[in-house]
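Student: Pasting a structure here, questions to come.
The values are calculated or read from the model by the stated rules, or taken from the named source; none is laboratory data. All of these numbers come straight from a predicted model, not from anything done at the bench. We place every Cβ from the backbone using ideal geometry, glycine too, and count neighbours over all the protein chains shown.
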Amino acid sequence: MPLLNEPAPGFRARTTHGERALADYRGRWLVFFAHPADFTPVCASEFIAFSQAYDRFQALGCDLLGLSVDSLFAHIAWLRSIETQFGVRVPFPIVEDPSMVIARAYGMLHPGAHTSATVRASFVIDPAGIIRAITWYPMTVGRSVEELLRLVTALQTSDREQVFTPEGWLPGGAVLMPPPILMPGMPFAPALEPGDWYYRLGAIDG
């Protein structure tokens, strides 16, 4: 199972948009997410939400890529059902993984699982192909698309500005300055703002 700040395992597979490889996404951010199975209610709610937020992910230079162990034919039938029943066209590809090779490479299948359903996992992969964040949800609970948008934005802001983002940070909010790691860098003078040397709020442009 890959860990944070490690290269995402490479693969090439059939998708609902033709054959795709992980390397095709180099140079852009990617949210690569697994869903337990097609034609399931929680997964349908997630795909509707991902589709409705697609343009917002694109504005961040971030692509979406889904996966389950269902076949390509099941994926296509399910996407047609979502469009027919809910009026939502899914604009991003879904990977088929009937051999479970990709799911196993990403740790999406629990070794003790009684079914082949992939867990509700999400991997945020940066333009260099490095895993920057991982989230896991059970089959019964849908993940938050809004939180994934916030997570990608926070990672990009942290990289670009060389800052940390506090709990619940949203664009435009205060950020945290990296604390000094050497004694000479520690501000011992009384601070004008609440906090201490390890907790210094700041602002960034834009």
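Student: Hey, could you check region 70-104 for residues that are touching a helix residue (DSSP H, G or I) at 6+ places or on another chain (Cβ under 6 Å) and assigned to a loop (DSSP other than H, G, I, E, B) and say which is nearest to ARG28 (Cα to Cα)?
Tutor: Within region 70-104, the match that is nearest to ARG28 (Cα to Cα) is PRO91.
Student: Output the number of the condition that PHE11 fails; it satisfies all remaining conditions of (1) more than 21 Å from ARG104 (Cβ to Cβ); (2) in contact with a helix residue (DSSP H, G or I) (Cβ under 8 Å, 6 or more places away or on another chain); (3) hydrophobic (A, V, I, L, M, F, W, C).
Tutor: (1)
Student: Can I ask one more? Is it the case that PHE73 is modelled with pLDDT of 95 or more and crowded, with 20+ Cβ neighbours inside 10 Å?
Tutor: The answer is no for PHE73.
Student: Let me ask something additional. In the same structural domain as ILE134 (by TED's automatic domain parsing), surrounded by 20 or more Cβ atoms within 10 Å (Cβ to Cβ) and either closer than 23 Å to VAL124 by Cβ or more than 13 Å from the chain's Cα centre (by Cα) (or both): which single residue out of GLY61, GLY66 fits that description?
Tutor: The conditions single out GLY66.
Student: Where residues in region 19-39 are without any contact (Cβ under 8 Å) to a residue 12 or more places away in the chain and of a type outside the set (A, V, I, L, M), which of them is nearest to VAL145 (Cα to Cα)?
Tutor: That would be ASP24.
Student: Taking region 118-156 as the search range and keeping residues that are free of Cβ contacts under 8 Å to residues at least 40 places away in the same chain and of a type in the set (Gly, Ala, Ser), which one is nearest to ASN5 (Cα to Cα)?
Tutor: By that ranking, first place goes to ALA154.
Student: All but one of (1) closer than 15 Å to HIS75 by Cα; (2) more than 18 Å from the chain's Cα centre (by Cα) hold for CYS43, so report the exception by its number.
Tutor: Going through (1) closer than 15 Å to HIS75 by Cα; (2) more than 18 Å from the chain's Cα centre (by Cα) one by one, CYS43 breaks only (2).
Student: Continuing with the same structure: Within region 17-45, how many residues are of a type in the set (Ser, Thr, Tyr), surrounded by fewer than 18 Cβ atoms within 10 Å (Cβ to Cβ) and within 16 Å of ASP63 (Cα to Cα)?
Tutor: 0
Student: Sticking with this structure for a sec: Among ARG104, ARG80, ARG56, which is without any contact (Cβ under 8 Å) to a residue 40 or more places away in the chain, of a type in the set (D, E, K, R), within 20 Å of HIS17 (Cβ to Cβ) and out of contact with any Lys or Arg (no Cβ under 9 Å at 6 or more places or on another chain)?
Tutor: The unique qualifying residue is ARG80.
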